[in-house]
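Laboratory data are not the source of any read-out in this text; all were calculated from the coordinates shown. Treat the numbers as computed from the prediction; the structure is a model and nothing was measured. Note: ideal-geometry Cβ built from the backbone for every residue, glycine included; neighbour counts use all protein chains shown.
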Amino acid sequence: MIRNFNFETNGRQTVKVFSASYSKEYHQMLSGMVERRMRASVLMIGSIWYSAWVDAGQPDLKSLIDYKPSEEDIKMREEDLRKWKEEKKLSARPHEAQE
């Protein structure tokens, strides 16, 4: 009989995880479906980025290699980092109530 779960400790927290034997057998039962889906996802994301680049007119990206942010950009990023450290959360748009 294969145990489905084990407990692992990360730092001070103990978490319930699938056991290695269970995961291996599950992978075999799926005939590698997870790996195929992951590979398909990588291809899909690459295709989306490539399409976005083509739709943008195939701009020359070589100019980004030696990109140096302006003093204004650096100050803005430092201010954002300071705010984030103080608040420890990111602001996002408010969610609409679902009816």
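Along the charge dipole of the range 5-87, pointing to its positive end and built from +1/-1 on Cβ of Lys, Arg, Asp and Glu, which listed residue (Ala52, Ser21, Met76) has its Cα farthest out?
So the residue we want is Ser21.
For the chain, what is the mean residue ellipticity at 222 nm derived from helices alone (per DSSP H run of n ≥ 4: -39500 (n - 2.57); sum divided by total residues; nearest 500 deg cm²/dmol)?
The helix-only estimate for the chain comes to -17000 deg cm²/dmol at 222 nm.
Check each of the trypsin sites (Lys or Arg not before Pro) in the range 1-93 and keep only those in coil by DSSP with at most 10 other C-beta atoms within 10 angstrom; list them in order.
Filter output for the range 1-93: Arg3, Arg12, Lys88, Lys89.
Quick one: putting +1 on the C-beta of Lys and Arg, -1 on the C-beta of Asp and Glu, what dipole do you get for the range 5-87 around its Cα centre, in Debye to the nearest 20?
Using only the charged Cβ atoms, the result is roughly 560 debye.
Across the range 5-87, how many lysine pairs, 8 or more positions apart or on different chains, have C-alpha atoms separated by under 29 Å? Please give the number.
6
Please check: in the Gaussian network model of the chain (C-alpha springs, under 10 Å), which one of Met44, Met29, Met76 has the largest mean-square fluctuation.
Highest fluctuation of the listed residues: Met76.
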